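Participant: The structure is given below, and queries will be raised subsequently.
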Amino acid sequence: MKRITNRSRARPMALALALPALAAIALPALAAGGPDASAKSDAAAVERGRYLVSTSACHDCHTPWKMGPKGPEPDMGRMLSGHPQDFAVPPPPKLQAPWIAAFAETNTAWAGPWGVSFTANLTPDKDTGLGKWTLRNFTETIRTGRHMGRGRPVLPPMPIPVYRNFNDADLAAIYAYLQSIPPIANRVPEPLPAAEKVAGH
Ligand code: HEC
């Protein structure tokens with residue numbers, strides 16, 4: 001009898017001790033919305049990223065064009081895989097002022113005062129795309145206009161001055177979407193230096 005009384009008295013005490021520990025476990029999960037909610041918010045981020053990518057012109061340059069019945073259109077079979085590795089472009093045409101740039105039929109190779117740039121493979125392929133990129137790599141590239149935030153400058157016509165204005169949530173959504181699309185193995189060539197530099201040695 002005495003033992004039972006003791007135990008019933010002890011219970012509130014034990015609960016009082018256990019509550020903060022429980023709260024420490026439960027509160028972060030609640031704040032994050034629990035595991036189901038985070039899976040849902042991942043799906044929402046991917047969906048938002050799909051929307052942003054399809055309205056912010058990424059396909060225009062990163063999905064190679066093919067000739068359709070009404071003119072060039074993005075070849076969605078090669079969605080966002082960048083300049084095709086098997087398309088070796090000839091030297092760019094000599095341009096006369098005020099013309100400064102030319103682009104190849106795929107819209108993935110661009111010649112201008114910066115040399116020739118080739119649009120990157122944005123699919124999650126581990127070797128040739130963004131498969132190994134973290135969200136941080138992606139955000140720092142777009143915000144600083146340098147490869148991974150510290151490498152060489154990202155060349156025109158990649159619209160860094162426009163895209164650096166995306167907020168963190170939008171960049172995270174674009175990244176989440178790009179990591180969710182089918183990986184395509186396509187090794188994009190390194191950019192070529194400007195013609196004047198080549199001729200100058
Ligand atoms: C007008 C053409 C154009 C558009 C539009 C464009 N890009 Fe690019 N992008 C390029 C070119 C060209 C390069 C390669 C630049 C280089 O080699 O320095 C590039 C490179 C990149 C890179 C790789 C940078 C690196 O350091 O490796 C990423 C990531 C990227 N673009 C993401 C995007 C996203 C996301 C969008 C849409 C929101 C987009 N691009 C829209 C032309 C474009």
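Coordinate-derived values only; no laboratory data. Quick caveat: nothing in here was measured; it's all calculated off a predicted structure. So basically every Cβ, Gly included, is an ideal-geometry build from the backbone, and we count neighbours across all protein chains shown.
Participant: So, in nm, how far is label residue 38 from label residue 86 when the simple model puts each one 7 Å beyond its Cα toward the Cβ?
Facilitator: Distance between label points: 4.3 nm.
Participant: Taking the Cα centre of each part, how many Å lie between segment 39-78 and segment 101-179?
Facilitator: Centre-to-centre distance over Cα atoms comes out at 14 Å.
Participant: If I model a spin label at residue 132 and residue 155 as a point 7 Å from the Cα along the Cα→Cβ vector, what separation in nanometres do I get?
Facilitator: 2.2 nm
Participant: Please get the size of the charge dipole for segment 41-199, origin at its Cα centre, with Cβ charges of +1 on Lys and Arg and -1 on Asp and Glu, quoted in debye to the nearest 20.
Facilitator: Charge dipole of segment 41-199: 340 debye, to the nearest 20.
Participant: Out of segment 64-157, which trypsin sites (Lys or Arg not before Pro) are coil in DSSP terms and have no more than 15 other C-beta atoms within 10 Å? Numbers along the way, then the final one.
Facilitator: Values: sites: 66, 70, 78, 94, 126, 132, 136, 143, 146, 150; in loops: 70, 94, 126, 132, 150.
Hits after loop and neighbour filter: 70, 94, 126, 132, 150.
Participant: Length gain on complete extension for the stretch residue 162 to residue 147, per 0.36 nm per residue less the alpha carbon to alpha carbon distance?
Facilitator: Between residue 162 and residue 147, full extension yields an extra 3.8 nm.
Participant: Here is a follow-up. Could you grab the relative contact order for segment 41-199? Cα pairs under 8 Å, six or more apart, rounded to a whole percent. All intermediate terms of the calculation are to be shown ahead of the outcome.
Facilitator: Details: 267 pairs, mean separation 46.6, N = 159.
Reported as a whole number, the value is 29 percent.
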